[in-house]
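The values are calculated or read from the model by the stated rules, or taken from the named source; none is laboratory data. None of these values were measured; they are calculated from a predicted model. Cβ: placed from backbone, ideal geometry, glycine included. Neighbour counts: every protein chain shown.
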Amino acid sequence: METIVRDPVCGELFVWEKAATVLSYQGTLYYFCSIDCSKRFLRAPTRYIQTKQVLSGVPQKSILVGVRHFLSH
């Protein structure tokens with residue numbers, strides 16, 4: 001089952017492996033559809049942190065392992 005996430009800035013839904021950027025903020029990973037959305041987030045993160053990130057799929061622990069692998073390539 002694919003894990004679907006929501007970009008906290010624009011609200012776009014996508015498979016987490018296709019994230020343009022993944023940022024950690026206060027211990028939570030945030031997935032972005034574009035670099036522009038991640039830059040907007042970094043300018044005012046508290047404006048966007050209310051959005052639920054993971055909508056369906058694998059547990060958060062598995063996502064963290066996958067992201068580490070994804071970011072290392």
Can you spot a residue in segment 35-48 that is surrounded by 13 or more Cβ atoms within 10 Å (Cβ to Cβ), at pLDDT below 90 and over 11 Å from the mean Cα position of the chain (by Cα)? yes
Given the conditions (1) exposed (fewer than 15 other Cβ atoms within 10 Å of the Cβ); (2) at pLDDT below 95; (3) in contact with a strand residue (DSSP E or B) (Cβ under 6 Å, 6 or more places away or on another chain), every one holds for ALA20 apart from (2)
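Look through GLN26, GLN53 and report the one residue that is surrounded by 15 or more Cβ atoms within 10 Å (Cβ to Cβ) and either at pLDDT below 85 or among the polar types (S, T, N, Q) (or both).
Values: GLN26 fails: surrounded by 15 or more Cβ atoms within 10 Å (Cβ to Cβ).
Exactly one of GLN26, GLN53 is surrounded by 15 or more Cβ atoms within 10 Å (Cβ to Cβ) and either at pLDDT below 85 or among the polar types (S, T, N, Q) (or both), namely GLN53.
If I go through segment 4-17 residue by residue, how many of them are surrounded by fewer than 18 Cβ atoms within 10 Å (Cβ to Cβ) and among the acidic types (Asp, Glu)? If you could, list the steps in order and put the result at the bottom.
Start the filter on segment 4-17 by keeping residues that are surrounded by fewer than 18 Cβ atoms within 10 Å (Cβ to Cβ), which leaves 4, 10-15, 17.
Keeping just the survivors that are among the acidic types (Asp, Glu) gives 12, 17.
Result for segment 4-17: 2.
For segment 1-37, how many residues are assigned to a strand (DSSP E or B) and touching a helix residue (DSSP H, G or I) at 6+ places or on another chain (Cβ under 7 Å)?
We begin by selecting, within segment 1-37, every residue assigned to a strand (DSSP E or B); these are 4-6, 13-15, 21-25, 28-32.
Now restrict to residues that are touching a helix residue (DSSP H, G or I) at 6+ places or on another chain (Cβ under 7 Å): 5, 21-23, 25, 29-32.
Total meeting the criteria: 9.
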